[in-house]
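The values are calculated or read from the model by the stated rules, or taken from the named source; none is laboratory data. In this text, all values refer to a predicted model and were calculated from it rather than measured experimentally. Cβ atoms come from the backbone with ideal geometry, glycine included; neighbour counts cover every protein chain shown. Surface areas here come from the heavy atoms of the whole protein model, side chains and all, with no ligands, DNA or RNA. Shrake-Rupley method; radii C 1.70, N 1.55, O 1.52, S 1.80 Å.
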Amino acid sequence: MPELPKAYTPRDVEGAIYDRWLAADVFAPDGAGSTADPALPPFTIIQPPPNVTGSLHLGHAQRTAVEDLMVRHARMRGHRALFLPGLDHASIAAQFVLDGILAKEGESRQSLGRERYLERMAAFVDTTRGVILGQQRRVGASADWGRLRFTMDTLSARAVRVAFERLYRADLAYRTEALINWCPGCLTSVSDLEVVPTPETGTLWSVRYHLIDPATGAPDPEATITVATTRPETILGDTAVAVHPDDPRYAAVVGRLARIPFVDRDVPIIADEVVDRAFGTGAVKITPGHDHDDHATGLRHGLPALTILADDATVTGTGTPYDGLDRYEARTRIVADLEAHGDLAGASPHEMVIGRCQRSNDVIEPRLKTQWFIRTTPLAERALEATRSGRTRILPERFGKTWEHWLTTIRDWNVSRQLWWGHRIPAWYCPDGHVTVSSVEGGPSACDVCARPASELRQDPDIFDTWFSSGLWPFSTLGWPEESPDYATYYPTSVMETGYDIIFFWVARMMMLGIELTGTEPFHTVYLSGLIRDPEGQKMSKTKGNVVDPLGIIDESGADALRFALIHGATPGNDQRFGTTKLEHARNFANKLWNATRFVVGARPLTIPQDAERQLPDARHLGPAEHWLLSRASATVGAVDAAMTDYAFGEVTRQLYEAIWTEYCDWGLELAKVRLADDTLAPGIREATWWTLVEVLDTYLRLLHPVMPFVTEALWQTLPHRATDPGLLIVARWPARNDRDEVAEAQVEALIGLVGAIRNARTEARVEPATWLPVDVVVPAAMGPTFEALRPAIARLARARPLERRLTRQALASAAGPTDLAVLVGELEAYVRMPGTGGGPAGEASALERSRLERELAEAEGWLEAARERLANDAFVARAPAAVVAGARAREAELADQVTRLRERLGP
RNA sequence: GGGCGAUUGGCUCAGUUGGUUAGAGCGUGCGGUUCACAUCCGCAAGGUCACUGGUUCGAAUCCAGUAUCGCCCACCA
């Protein structure tokens, strides 16, 4: 058994332990060190693979902590527990980061070219992946590194090709020209989810368009219609003006033509209910090529959609002097020119919401492009059916509503990206425009339609949205589309854990694609964590500079403390603030556990050999404190099991903290110390006491292991084990729940209460802490043996000497002096004999005693009155459950008794 | 414009299907050098559970509404 250093230094503990786990091959469910029971169903956790682009932050650490907690728990219960680690290539995010690095070197995506750029990316990713995997390891992830996967590895690539081909053949993927969200900074389209609505103050300009005189076909200098716009540059793409059909102001002009300035295009004035009569002038310019609303309006009215912006958001193709200007420069000039022509009717500040790129923060321009889309509606229906039927459960449940809303209003998913780092879309086009989608590596041999040879086909230059490959993660990592053994064994998976912020990006896509491609829901439970915020409640972000590096925390306080701090007091789906006090709390707890174990190990009676095999305490020698400890441990096992079942991990740590610190250390160890030190006791008794401490500590270390794996493993190594135990706690069995001993629990807790009350009385009377005070106590007959067994411990803890047991209250009262303090705890009654001198004048103590008792009496009478009122209520007695009424009666009797005794003591 | 969440002692948060003395950590006050731990030990103070109304024998907990803060979704130019 290893020696336990006096001081707890997490750094020394953690690295060595992780290496031992690795060496023992216990992370893999089928590893050499696994103790899994193949008869039990497997347990698979799905972790969001972190982006390769950088280092992990506290949010990742929290994810990992929660996931690892679940997988360790499942492993200890004997399930084949799979925690498959991975990385995401994060195409747009990675390119954004790399482009930044290149810019500093004076290079760019364009200057390198596709091939060199991708080489550079591969090198970049190689360096960052090591950092990320190292961080996961430091947090303690018991992940099966042999199964490490990457969304850009060859197996993922094949899964992506096969998935897309199947979707295409099922008419769930299609290519069309549509208005998409274009980021001029990233030079790619992005999905609706990647457009961040950002409130801004813009300007609402009113512009006069001149009506065409039907007689002359020329614009009328007098007759105009005034439209309102926040984007004057899009005037160049206008193909109509719209008004509300019921707007009397414009009824006469509907059907006439208006001339668009600068481009001299005559467009119809149409009536459409989309127009809000109350907004602006009630007349709207329609630009189908650059606005989602207008596009829809254009489709309804058969309007042409003109593209007037190039990829870099410069004006193009309008045949005006604005061509070649940046969109904002063009806007400025157009406004000035309108004003010069006298056609600017007004300008006012306007609060609006503008779409910006999630990645680059550029203003998104809607524009027409031919792209690939996933037809989401049929997929969403099946995902909804899965959650509605309960086959997949979302936790916390309230996110089900968000889920429903999003999936019922979902729009088709644009999966084309004009980027380089990612999976190339496996679609080929022949010179005649035929489309061939093929999952064959290297592409099809000929056009599907006209059989032109591969040499004449051209592959789509675009790549997939990174979330497309992420959406295949639960099954692509297990070997799909092959019927591999892992896929057969571990799919569908068990729990997917992630932050609620990517429920749409990722969870919904995994559900939709998983059900379609594998025929089953990819997981039975979706566990959504809250987000980690800084101590002020701000979201952590690099720009705010409040991002915390988990490694710094781990270096200082240990991974165990970090994990505990992240899990303790947190509830699923709720954000939590993270600061140093939580971390200190957690670190102190680890330290407490360390020292408690050190005490137990060092307190081994000499009659037990150091290398003794573990044995259960001899039942014949168990005292009440031992029964109490064992029973409480059972209770804790039950409470932890219940919390685990509910995914209430904060409750798990709360239960364990309370049980270990307050029950085991504060009382269990303190009560045991007296017995262990008493050499007048038979060796068997001391041995039983020690084996009890070991047994219960062992149980708590097991229960705590999923939360604090390192320190529990290190400490467990110092305890004697059974021959049947494996060499490592990580693969040891989760504790079973034993029977409770209600009587021992109640009696020992009553005596604990007595100690507390005596301490309280001492402190109130300002007795010197070192002073031993005589105490007389009346103990109900049923509690006699328990009291006798614990008498030395109580005496020590309450600093009561002698601690006399009086058989009757009369005997006690007759011995009472005027300066004594009475202590009533439930059925127990004690008198603390105050010193006549030394602690202050006798009269003072007496006054103190009176005021104490009067206060207690008033309080007790208050409760008694409340209890009586409740019982006097016939409705309560008649309608409340019998157990509640009985409890109330018992409480009433107890209070009545207490009031009587307090009155007696107070006298007249 | 919809939807969701939060509101509990000075601070950060628990409170699992409503059950009667609402808990914890930090902080605060007082006191502790006994050989597991000062990253500790003991004692204590501190809350009309945001507000209003309702349901119920009984509400921090369920319902309705109000207020403040936060988040998500949404095509008012």
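Here are the numbers:
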read-out: Region A:665-721: translational diffusion in µm²/s, Stokes-Einstein, Kirkwood Rh over Cα pairs, 10 °C, 1.306 mPa s; value: 128 µm²/s
read-out: Given charges at Cβ of Lys, Arg, Asp, Glu: chain A dipole, positive-most of A:Gly346, A:Pro774, A:Ala732; value: A:Pro774
read-out: Region A:578-592 - phi-based ³J(HN,Hα) in whole Hz, Karplus 6.51/-1.76/1.60, Gly and Pro as x; value: 10, x, 5, 5, 4, 5, 4, 3, 5, 5, 4, 5, 4, 5, 4
read-out: Calculated on alpha-carbon atoms, Rg and Dmax of region A:385-501 in Å; value: 19.0, 54
read-out: Nearby aspartates and glutamates by direct alpha-carbon distance to A:Lys401 (threshold 16 angstrom, same-chain neighbours under 8 apart not counted); value: A:Glu381, A:Glu385, A:Asp501
read-out: Under the Karplus curve 6.51 cos²θ - 1.76 cosθ + 1.60, θ = phi - 60°, whole-Hz ³J(HN,Hα) for region A:224-235, x wherever Gly or Pro sits; value: 9, 10, 9, 10, 10, 8, 9, 10, x, 5, 6, 3
read-out: Relative contact order of chain A, pairs being alpha-carbon contacts under 8 Å that are 6 or more residues apart, as %; value: 12 percent
read-out: At q = 0.21 Å⁻¹, base-10 log of I(q)/I(0) for region A:6-47 (Debye sum, equal scatterers on each alpha carbon); value: -0.78
read-out: Enclosed volume per residue, in Å³, of the convex hull spanned by Cα atoms of chain A; value: 252 Å³
read-out: Nonlocal amide H pairs with A:Leu87, under 5 Å, H built at 1.01 Å; value: A:Arg149, A:Phe150, A:Thr151
read-out: Coarse-grained scattering of region A:613-683 at q = 0.14, 0.15, 0.16 Å⁻¹, given as base-10 log I(q)/I(0) from a Debye sum over alpha-carbon atoms; value: -0.54, -0.60, -0.67
read-out: Residue list for region A:186-200, given a label point 7 angstrom along the Cα-to-Cβ vector of A:Ser108 and an amide N cut-off under 13 Å; value: A:186-187
read-out: Whether region A:743-782 is rounded, prolate or oblate, judged on the alpha carbon gyration tensor where a/c under 1.5 counts as rounded; value: prolate
read-out: Charge sum, other residues only, whose C-beta stays under 14 Å from A:Leu593's C-beta, Lys/Arg counted +1 and Asp/Glu -1; value: -1
read-out: Built amide H within the under 5 Å cut-off of A:Arg801, gap 5+; value: A:Leu773, A:Val775
read-out: Dipole of chain A, positive direction: furthest Cα of A:Gly282, A:Val899, A:Trp473, with charges on the beta-carbon; value: A:Val899
read-out: Neighbour cut-off at most 12 other Cβ (10 Å), DSSP loop, trypsin sites (Lys or Arg not before Pro), region A:709-777; value: A:Arg722, A:Arg766
read-out: Region A:119-199 shape via C-alpha gyration tensor axes, a/c threshold 1.5; value: oblate
read-out: Accessible-area composition of chain A, carbon plus sulfur, in percent [1.4 Å probe]; value: 52 percent
read-out: Angle in degrees between helix A:292-301 and the longest Cα principal axis of chain A, rounded to the nearest 10; value: 50 degrees
read-out: Whether region A:461-576 is rounded, prolate or oblate, judged on the alpha carbon gyration tensor where a/c under 1.5 counts as rounded; value: prolate
read-out: Two-site FRET efficiency, A:Asp19 against A:Asp153, from Cβ-Cβ distance with R₀ of 35 Å, rounded to 0.05; value: 0.85
read-out: Distance violations [Cα-Cα > 25 Å] among A:Lys104/A:Lys542; A:Lys6/A:Lys673; A:Lys104/A:Lys369; value: A:Lys104/A:Lys369
read-out: Amide H partners (placed H, <5 Å) of A:Gly317, local residues excluded; value: none
read-out: Cut-off 18 Å, label 7 Å out along Cα→Cβ of A:Thr377, residues of region A:166-204 by amide N; value: A:168, A:170-179
read-out: Region A:244-390: Cα Rg divided by the 2.2 N^0.38 Å rule of thumb; value: 1.32
read-out: Debye, to nearest 20: dipole size of region A:430-507, +1 on Lys, Arg Cβ, -1 on Asp, Glu Cβ; value: 120 debye
read-out: Within region A:483-583: Cβ-based charge dipole about Cα centre, in debye rounded to nearest 20 (Lys, Arg +1; Asp, Glu -1); value: 420 debye
read-out: Solvent exposure of chain A as accessible area per residue, Å², 1.4 Å probe; value: 42 Å²
read-out: Three principal axis lengths of region A:510-642 [C-alpha, angstrom, descending]; value: 62, 44, 28
read-out: Histogram of C-alpha separations across region A:72-228, 5 Å bin width, %; value: 1, 6, 8, 10, 11, 12, 11, 10, 7, 5, 5, 4, 3, 2, 2, 1, 1, 0
read-out: Rounded tilt (10° steps) of A:742-764 against the dominant C-alpha axis of chain A; value: 80 degrees
read-out: For A:Glu339, net neighbour charge (Lys/Arg +1, Asp/Glu -1) across residues whose Cβ lies under 12 Å away; value: 0
read-out: Residues in region A:429-453 reached by a label modelled at A:Thr370 [backbone nitrogen below 12 Å; 7 Å Cα→Cβ]; value: A:429-436
read-out: Positive minus negative residues near A:Phe464 (Lys, Arg vs Asp, Glu; Cβ under 9 Å); value: 0
read-out: Volume per residue that the Cα convex hull of region A:516-592 spans, once the total is divided by residue count, Å³; value: 149 Å³
read-out: Relative counts (whole %) of C-alpha pair distances in region A:306-402, using bins that are 10 Å wide; value: 11, 23, 25, 16, 14, 9, 1
